[in-house]
Amino acid sequence: MEPSQDPTAPLILTRLQNVSYLAELGTAILTELAAVASERTFVAGQAIFWEGEPVVGLYLVAEGIVKISRYSTEGREHILHLIHAGDTFNDVAALDGGPNPATASAYTNATIYLIPREDLRAIVNRHPDLAWALIESMARRARHLVNMVEDLSMRSVKGRLARLLLDQAVGNQSGAVPRLLTQEEMASRLGTVREMVGRALRSLAAEGIIEFDRHRIVILDAERLADIA
């Protein structure tokens, strides 16, 4: 999609100030980033970029959710991250200049800002504090991937599903997963197949740990679910 011709710099600056690893940087650095950022909008399901394509730059989610995925040679999707408003993505390619390591698409309708790689590099050269902030972001991504590898290699599908349900229910006082992911989506998040997710869900329900309530999964026993996770 074509970027906006006249992005509103003050709004972009506010979005950048809400990024956790950029929040401590001075206004001068963030103002430079805002000056080179352009706004783009995507509808749910629309591709933002594809794995293997040349890098364009660093992306910031302003509104909505962005899905980061990789696909097997058979076409099976594995969801690596769901990026929410106030976070960035494609940090790896933006820093090393290599091709995009994964595919990004709009999980919901989304508004994002793009900071071109060459502009980012020029600003980093002028402001070493920005370089350190980006390194911290990369370290956080690496920690997430280490945990993902541990989950895939050491936890059962049921245990990974339990963790996903607990994570999805965080902040919901009713103890429910607010949006019932399809079993296909759960499988993509957990690195397994739909049939295994269905079996694990039925097992948790039979044990009285969860129940299905229309379009939600209600967690009946969070302590037991945490033990399984």
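How about the stretch 132-170: which of its residues are more than 30 Å from GLY26 (Cβ to Cβ), modelled with pLDDT of 75 or more and open to solvent by less than 40 Å² (accessible area, probe 1.4 Å)?
The answer is VAL157, GLY159, ARG160, LEU161, ALA162, LEU164, LEU165, LEU166, ALA169.
Which residues, counting only those in the stretch 41-68, are touching a residue at least 60 places away in the same chain (Cβ under 8 Å) and surrounded by fewer than 19 Cβ atoms within 10 Å (Cβ to Cβ)? Step through it out loud before you land on a result.
Quick first cut of the stretch 41-68, residues touching a residue at least 60 places away in the same chain (Cβ under 8 Å) only: 41-46, 48, 55-58.
Selection gives THR41, VAL43, ALA44, GLY45, GLN46, VAL56.
I'm checking my understanding of the structure. Among residues of the stretch 196-229 that are of a type in the set (Asp, Glu) and modelled with pLDDT of 85 or more, which one is most open to solvent (accessible area, probe 1.4 Å)?
Start the filter on the stretch 196-229 by keeping residues that are of a type in the set (Asp, Glu), which leaves 207, 211, 213, 221, 223, 227.
Those left that are additionally modelled with pLDDT of 85 or more: 207, 211, 221, 223, 227.
On the way: GLU207: 70, GLU211: 84, ASP221: 45, GLU223: 138, ASP227: 118 Å².
Selected residue: GLU223.
Which of the residues that make up the stretch 92-105 are crowded, with 19+ Cβ neighbours inside 10 Å and not hydrophobic (A, V, I, L, M, F, W, C)?
Correct list: ASN100, THR103.
Under 22 Å from VAL193 (Cα atoms), of a type in the set (S, T, N, Q) and open to solvent by less than 30 Å² (accessible area, probe 1.4 Å), is that true of SER38?
No: the conditions fail for SER38.
Is there a residue in the stretch 73-95 that is basic (Lys, Arg) and in a strand (DSSP E or B)? Step through it out loud before you land on a result.
Looking only at the stretch 73-95, we keep the residues that are basic (Lys, Arg), and these are 76.
Keeping just the survivors that are in a strand (DSSP E or B) gives none.
For the stretch 73-95, residues basic (Lys, Arg) and in a strand (DSSP E or B): absent.
For the stretch 115-130, which residues satisfy the criterion of being surrounded by 14 or more Cβ atoms within 10 Å (Cβ to Cβ) and of a type in the set (A, V, I, L, M, F, W, C)?
ILE115, LEU120, ILE123, VAL124, LEU130
Kindly list the number of the only condition in (1) within 21 Å of ALA142 (Cα to Cα); (2) touching a residue at least 40 places away in the same chain (Cβ under 8 Å); (3) open to solvent by less than 60 Å² (accessible area, probe 1.4 Å) that fails for ARG15.
(1)
List the residue pairs whose Cβ atoms are under 9 Å apart, where the first residue sits in the stretch 140-155 and is closer than 18 Å to SER20 by Cβ and assigned to a helix (DSSP H, G or I), the second is at pLDDT 70 or above and open to solvent by 70 Å² or more (accessible area, probe 1.4 Å), and the two are 6 or more positions apart or on different chains.
Correct list of pairs: ARG140/SER20.
The values are calculated or read from the model by the stated rules, or taken from the named source; none is laboratory data. From a predicted model like this one, the values you see are computed outputs, not experimental measurements. Cβ sites come from the backbone with ideal geometry, for glycine too, and all protein chains shown count toward neighbours. Ligands, DNA and RNA are stripped out before the accessible areas are found, and what is left, the full protein with its side chains, is counted by its heavy atoms. Shrake-Rupley method; radii C 1.70, N 1.55, O 1.52, S 1.80 Å.
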